[in-house]
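Read through the structure below, which is laid out as structure tokens, and then see the notes.
Each reported figure results from applying straightforward, stated rules to the coordinates on display, with no laboratory input. Bear in mind that the values here come from a model prediction, so they are computed numbers and not experimental data.
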Amino acid sequence: MAGGPTTDTADGSGRTEPICRTEPTRRAEPIRRAEPTRRAEPAGRTEPIRRTEPTRRTEPAGRTEPTRRAAPTRRIEPTRRTGVWLIGARGSVATTVIAGCAALTAGLHRPTGMVTESAPFTDPPVPALPALSALVFGGHDTLSCPLPKRAEELAADGVLPYGLPQAVHAELTAADAAIRPGGPQPGDTRTDTELIGAFAADLRAFGRDHDLGRTVVINVASTEPAPADPHGERLPASSLYAYAALRAGCPYLNFTPSTGLHHPLLQEMATVSGLPYAGRDGKTGQTLLRSVLAPMFAQRALAVRAWSGTNLLGGGDGAALADPGAAAAKNAGKARVLADTLGELPAGDLHIDNVPALGDWKTAWDHIAFDGFLGSRMTLQTTWQGCDSALAAPLVLDLARLLAAAHTVGLSGPQPALGFYFKDPDGGPAALADQYTALVEYAELLRTGTPS
């Protein structure tokens, strides 16, 4: 989702790296963070990949049981910091997340768009929720452009405020130092098992080096096509990173429509891992609006005859979604909210067009044809224009804190209460209002250990 001709991918697709300008950047004074007090124990290893027949699912896809309570894990001291490991760590979304968190910690900007900074989570506070100042960033990426330069490019495109890259230069530099090479890259001869082992080792080293209580892994890389053969010889890149998260004992979030933990080889492993996880595909714009409008038509008993849409976007996301396979994966999540809310998928298509000149900005149109009383034909048209990285970043920060809190209080398995943030959630209601109610109840569960 970058504002240039490259993608934010961490999947080793070999796309050209962004041009990094060489002008020096004025360094700002670092924002001091609290020092850790104790060292974390390294996470345990899981079994290597076993190529077995996939287990038969007992529930329809995406419809899982509600959040399950597990035996509480060892709680950490409030002074222990939380790692946030971003897959696609040098992309537009990740850079906006890291710069934005530093800006909020320094009091330079308000936490607009962050639900975890609103009354249901702050009045009274949720003790398990890590403070923004306690988040430490690292990640994997196949690109090499330093984060400070990437932030300068985003500021030049109007994604980040003018002067912010200089103000948080120290935090961007610290996070950049914790980014490790992703993969597989072109010519990489390592097996899946070797790649997973290397990625898991990076995660464990990150926890040890920064004395972290836990690390949440979040996939914010560009969308990859769905595997042509889910039972093929190689795992997709997103599933390699997800497997590594399980092996390193890290909660996992998939903010993209890529396969991740949804691969048949990983689903059962994720269920028995004792870790909380959630996904997939962050709901930032057009689908957010659909999750509000579709329930309106259902509740007013208005028959939707067709629902068509068009997306215009540029940057890394636009380039990645020019691939028909990646676009199909993206559209599947956008369609799900309509099918779940209306009972069936209305007629109509959804198109995604790559417009490089738009950079990180996107425009989404929806055209809804519906019948009123006595068969009167009517239409509703909507236009959504926004900055993708600025829409996504507060959600990523919310999710990192929420999944860390879930892990702290001993929750495990899929977290359907986080469906408020996703196009293709792990069960739960489809309407945004109902999802928000579930999220507020989740806040009480995290606060007291008992649902409200």
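For segment 307-410, the ratio of Cα radius of gyration to the globular rule of thumb 2.2 N^0.38 Å stands at 1.34. By the Kirkwood approach, averaging reciprocal distances over each pair of separate Cα atoms, segment 392-452 gets a hydrodynamic radius of 11.8 Å. Applied to segment 425-437, the Karplus parametrisation 6.51 cos²θ - 1.76 cosθ + 1.60 on θ = phi - 60° returns per-residue 3J(HN,Hα) values of x, 7, x, x, x, 9, 6, 4, 4, 5, 5, 5, 4 Hz, with x for Gly and Pro. Remark on Val216: its backbone amide H falls under 5 Å from those of Gly83, Val84, Trp85, a criterion applied only to residues 5 or more positions apart or on other chains, H modelled at 1.01 Å from N.
Both the radius of gyration and Dmax for segment 221-302 are 16.0, 50 Å, in that order, over alpha-carbon atoms. For Leu302, no residue 5 or more places off, or on another chain, has a built amide H under 5 Å of its own. Using only Cα positions of segment 161-217, each an equal point scatterer, no hydration layer, compute I(q)/I(0) via Debye at q = 0.15 Å⁻¹ and quote the log10 values to two decimals. Reported log10 I(q)/I(0), two decimals: -0.62.
At q = 0.16 Å⁻¹, work out log10 I(q)/I(0) for segment 168-304 with the Debye formula, treating every Cα as an identical point scatterer and leaving solvent out; two decimals please. These q points yield log10 I(q)/I(0) values of -0.92.
Using the Cα gyration tensor of segment 152-248, with a ≥ b ≥ c the square roots of its eigenvalues, what is the shape: rounded (a/c below 1.5), prolate (a/b larger than b/c) or oblate (neither)? Note, shape of segment 152-248 comes out oblate.
Rounded to whole numbers, the Karplus 3J(HN,Hα) couplings from phi for segment 361-377 are 9, 9, 10, 10, 10, 10, 10, 10, 9, 9, 9, x, 4, 6, x, 4, 7 Hz, using 6.51 cos²θ - 1.76 cosθ + 1.60 with θ = phi - 60°, and x at Gly and Pro.
Near the amide H of Ser118, within less than 5 Å, lie no amide hydrogens of residues on another chain or at least 5 residues away, with H placed in the peptide plane.
Couplings for segment 113-128, taken from phi via the Karplus curve 6.51 cos²θ - 1.76 cosθ + 1.60 with θ = phi - 60°, read x, 9, 5, 5, 9, 9, 3, x, 10, 10, 9, x, x, 9, x, 6 Hz in order; Gly and Pro are left as x.
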